[in-house]
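One structure is given here, and the rest of the page talks about it.
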Amino acid sequence: MKIGIVCYPTYGGSGIVATELGMDLAEKGHEVHFFSTNIPARLNIKLSNIYFHRIHVETYPLFQYQPYDLALSTILYEKVLHYKLDLVHVHYAIPHAYAAYFTKQMLARKGYHLPIVTTLHGTDITLVGQHPVYKTAVEFSINESDVVTSVSESLKQDTLKAFDITNEIKVIPNFIDNEQYMPEKCVCCRNNFAEPKEKVILHTSNLRKVKRIQDVISAFNIIQKQIPSKLIIAGEGPEWDLADQLIQEYGIQDKVKSLGMVSDLNDVLKAADLFILPSEQESFGLAALEAMAANVPVISSNAGGLPEVNIDGFSGFVCPVGDVEMMAQKAIYILEDEDRLKQLSKNAKEQALSFDKNKILPQYEVLYRNAIDMK
Ligand code: GMT
């Protein structure tokens, strides 16, 4: 198949999922065309069957805001015609599904049928999409897509609750390449972060408000009083200053290390004993799945799709949003007993295997073929 993939190029989960999906499809022999404002963070442009088309937004002094969706519709139209693409798969509804709808209409005037697959990722539904300035257009573009998928059952239900949806929404969970994550813990990696007797607790995110970074710090403050440990924070974002302030208030500066943006988390994951993700909203929680694939159990909140990914009492523990005390006590419970930690690490990997790319990818291929045949 000849597949167009539209995504954001930044480190957000939707761009990562789109990129991994496209690269895997290309490896399977499909021709994959990426459309983004920049080369997506994890895209290996040198792989065969991969094409990249930059969405260039022309600036003009009259505009206070530049028309990104117009530029996207136009480049999609041109490249679909030129390369004879079979379908376009947009990741994150805003404004990708809307722009793709207009491409579809423009192509229809040329007698070209272009199926549009839209994947809902999270805040396009739960946060941004519900704002009155966007809601009607988001609802319209979901209903006008040929196929709609959501990354969790929870996000599907949120979509049905928030919008008047006439289209079917199929749940295809995010996936992971388990082979990329080595099961062995790495002593050399650990030594970079902690003393041999200390445990390593990891949080990674884009440090936005929804990630509740203050809960990570507060839970760690409780944990470190009972378990010799270090907290590693990977990622950058607007809430860092708040986190830093809290770290100083607790006087735990020597026990917390911020790594900033990390492009390859593998070495950090190999050093980690426990992952913490206390988000206010999380349609899926790809970061938690990556941790589990690296044999790291997870303490998470119960927001959105997290309980579908992190199984309470098996791959880690699931706590109510904001219940820092419970998160800390569950973390201590895991970390204070080596056998328990080993068992939960093993379970975490087992859970990650149920999201293996070899199970999920064929679902997209079937979905694409059906969309193409739907005409
Ligand atoms: O977090 C966002 O604002 C959007 C989005 C992104 O682009 O990173 O994240 C969402 O999509 C990921 C991939 O499907 C999910 O793993 C994240 O849980 C989800 N984020 C939220 O729902 C907050």
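The values are calculated or read from the model by the stated rules, or taken from the named source; none is laboratory data. Only a predicted model underlies this, so the values are computations on that prediction, with no experimental measurement involved. Every residue, glycine as well, gets a Cβ built from its backbone with ideal geometry; the counts of neighbours run over all protein chains shown. Surface accessibility is based on the protein's heavy atoms, side chains included, excluding ligands, DNA and RNA. Shrake-Rupley method; radii C 1.70, N 1.55, O 1.52, S 1.80 Å.
Quick notes on this one:
- Screening the candidates Glu144, Glu153 for the property of being closer than 22 Å to Asp356 by Cα and among the charged types (D, E, K, R) yields one hit, Glu153.
- Pairing residues of the range 111-140 that are at positive phi with residues that are within 16 Å of the ligand (Cβ to nearest atom), at Cβ distances under 6 Å and at least 6 apart in sequence or on separate chains, gives Gly122/Ser283.
- For the range 19-43, filtered to residues that are of a type in the set (A, V, I, L, M) and out of contact with any helix residue (DSSP H, G or I) (no Cβ under 6 Å at 6 or more places or on another chain), the residue that is modelled with the lowest pLDDT is Ala41.
- Here Tyr68 clears all of (1) more than 25 Å from Glu168 (Cβ to Cβ); (2) under 20 Å from the mean Cα position of the chain (by Cα); (3) within 16 Å of the ligand (Cβ to nearest atom) except the condition numbered (2).
- Set side by side, the residues Ile213, Ile176, Ile169, Ile201 differ, and just one is within 15 Å of the chain's Cα centre (by Cα), modelled with pLDDT of 95 or more and either not assigned by TED's automatic domain parsing to the domain that holds Asp264 or not charged (D, E, K, R) (or both), which is Ile176.
- Of the residues examined, Asn178 is one that is touching a helix residue (DSSP H, G or I) at 6+ places or on another chain (Cβ under 6 Å), surrounded by 17 or more Cβ atoms within 10 Å (Cβ to Cβ) and closer than 30 Å to Lys359 by Cα.
- 1 or more residues assigned by TED's automatic domain parsing to the domain that holds Arg212 and of a type in the set (Ser, Thr, Tyr): qualifying helices (runs of 4 or more DSSP H) within the range 235-313: 240-250
- Number of the exception - Pro238 against (1) closer than 30 Å to Leu21 by Cα; (2) in contact with a strand residue (DSSP E or B) (Cβ under 9 Å, 6 or more places away or on another chain); (3) surrounded by fewer than 17 Cβ atoms within 10 Å (Cβ to Cβ): (2)
- Here is the figure for the range 293-325: residues that are touching a helix residue (DSSP H, G or I) at 6+ places or on another chain (Cβ under 6 Å) and surrounded by fewer than 18 Cβ atoms within 10 Å (Cβ to Cβ) total 1.
- Considered as a group, the residues in the range 13-42 that are polar (S, T, N, Q) and surrounded by fewer than 18 Cβ atoms within 10 Å (Cβ to Cβ) include one that is farthest from Val90 (Cα to Cα), and that residue is Asn38.
- Beta carbons closer than 8 Å, at least 6 apart along the sequence or on distinct chains, pair a first residue in the range 361-375 that is in the same structural domain as Leu85 (by TED's automatic domain parsing) with a second that is part of a helix (DSSP H, G or I) for Leu361/Leu21; Leu361/Asp24; Leu361/Leu25; Tyr364/Leu21; Tyr364/Leu25; Glu365/Leu25.
- Hits in the range 26-56 - residues which are hydroxyl-bearing (Ser, Thr, Tyr) and assigned to a loop (DSSP other than H, G, I, E, B): Thr37, Ser48
- Hey, Lys161 in contact (Cβ under 8 Å) with a residue 12 or more places away in the chain, within 16 Å of the ligand (Cβ to nearest atom) and open to solvent by 10 Å² or more (accessible area, probe 1.4 Å) or not: no
- Any hit, the range 65-75, residues being among the β-branched types (Val, Ile, Thr), within 19 Å of Ala99 (Cα to Cα) and open to solvent by 60 Å² or more (accessible area, probe 1.4 Å): yes
- Entirely in the range 105-212, the helices (runs of 4 or more DSSP H) that have 1 or more residues that are under 23 Å from Leu21 (Cβ atoms) and hydrophobic (A, V, I, L, M, F, W, C): 123-126, 135-144, 153-162
- Condition met for Tyr134 (crowded, with 16+ Cβ neighbours inside 10 Å, within 16 Å of the ligand (Cβ to nearest atom), more than 26 Å from Pro307 (Cβ to Cβ) and within 24 Å of the chain's Cα centre (by Cα)): yes
- Single match in Ile3, Ile94 (criterion: in contact with a Phe, Trp or Tyr (Cβ under 9 Å, 6 or more places away or on another chain), open to solvent by less than 70 Å² (accessible area, probe 1.4 Å) and either of a type in the set (S, T, N, Q) or not in a helix (DSSP H, G or I) (or both)): Ile3
- Residue count for the range 356-375 satisfying the condition of being open to solvent by 20 Å² or more (accessible area, probe 1.4 Å) and either assigned to a loop (DSSP other than H, G, I, E, B) or modelled with pLDDT of 95 or more (or both): 12.
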